[in-house]
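K.L.:
Can you read through this structure? Questions will come right after.
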Amino acid sequence: QVRVVESGGGLVQPGGSPRLSCAASGIIFSIYDVHWYRQAPGKQRELVATITNIGSTIYADSVKGRFTIFRDNANDTVNLQMNNLKPVDTAVYYCKVALGSIDRWGQGTQVTVSS
């Protein structure tokens, strides 16, 4: 069975730089595209960042220059480094792994940006 788990969320002050991690079991993680989404209260889930299985990256305009998605091959995770967080970044952040028609979601991790 495929299991996707996010970690690293929590309460962060504006301007903070937390890192989220996505780990997956039951698959060869490196061959999957990995996407980070977020969903703020009352809003639709939106795609934040993607890293493909060949290392290409894509970012939402709202996070370009502040967020970085990267693979940590030593720990077999995909991380989302978030810098200069703003209150509007408050959301539940989800990781999704995808390969062809197969995709699996994690349960999400809450990130709250507040002083």
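The values are calculated or read from the model by the stated rules, or taken from the named source; none is laboratory data. Values in this document were obtained by computation on a predicted structure and should not be read as measured data. Every residue, glycine as well, gets a Cβ built from its backbone with ideal geometry; the counts of neighbours run over all protein chains shown. Please note that ligands, DNA and RNA were not included when accessible areas were found on the heavy atoms of the full protein model with its side chains. Shrake-Rupley method; radii C 1.70, N 1.55, O 1.52, S 1.80 Å.
K.L.:
Among the residues of the range 25-45, which ones are at negative phi and either exposed (fewer than 11 other Cβ atoms within 10 Å of the Cβ) or under 11 Å from the mean Cα position of the chain (by Cα) (or both)?
P.N.:
Once the filter is applied, which keeps residues that are at negative phi and either exposed (fewer than 11 other Cβ atoms within 10 Å of the Cβ) or under 11 Å from the mean Cα position of the chain (by Cα) (or both), the range 25-45 yields I28, I31, V34, H35, W36, Y37, R38, P41, K43, Q44.
K.L.:
Looking at the range 82-89, is at least one residue closer than 15 Å to S7 by Cα, at pLDDT 95 or above and either in a loop (DSSP other than H, G, I, E, B) or open to solvent by less than 70 Å² (accessible area, probe 1.4 Å) (or both)?
P.N.:
yes
K.L.:
From the set of residues in the range 8-24 that are assigned to a strand (DSSP E or B) and open to solvent by 60 Å² or more (accessible area, probe 1.4 Å), which is farthest from V78 (Cα to Cα)?
P.N.:
L11
K.L.:
Taking the range 46-76, which residues are closer than 16 Å to A98 by Cβ, open to solvent by less than 60 Å² (accessible area, probe 1.4 Å) and either part of a loop (DSSP other than H, G, I, E, B) or among the polar types (S, T, N, Q) (or both)?
P.N.:
Hits for the range 46-76 are T50, T52, G55, S56.
K.L.:
Also, quick follow-up: Condition first: touching a strand residue (DSSP E or B) at 6+ places or on another chain (Cβ under 9 Å), of a type in the set (G, A, S) and farther than 19 Å from A74 by Cα. Now tell me which residues in the range 26-55 satisfy that.
P.N.:
Within the range 26-55, A40, A49 meet the criteria.
K.L.:
Separate question: Do we have any residue at all in the range 93-106 that's part of a loop (DSSP other than H, G, I, E, B), hydroxyl-bearing (S, T, Y) and either closer than 17 Å to S7 by Cβ or open to solvent by 60 Å² or more (accessible area, probe 1.4 Å) (or both)?
P.N.:
Within the range 93-106, one or more residues are part of a loop (DSSP other than H, G, I, E, B), hydroxyl-bearing (S, T, Y) and either closer than 17 Å to S7 by Cβ or open to solvent by 60 Å² or more (accessible area, probe 1.4 Å) (or both).
K.L.:
Pairs needed: first member in the range 1-20, within 17 Å of Y94 (Cβ to Cβ); second member anywhere, among the hydroxyl-bearing types (S, T, Y); C-beta distance under 6 Å; at least 6 residues apart or different chains.
P.N.:
Sorted first by the residue in the range 1-20, then by its partner, the pairs are R3/S25; E6/T109; S7/S21; G8/S21; G9/T109; L20/Y93.
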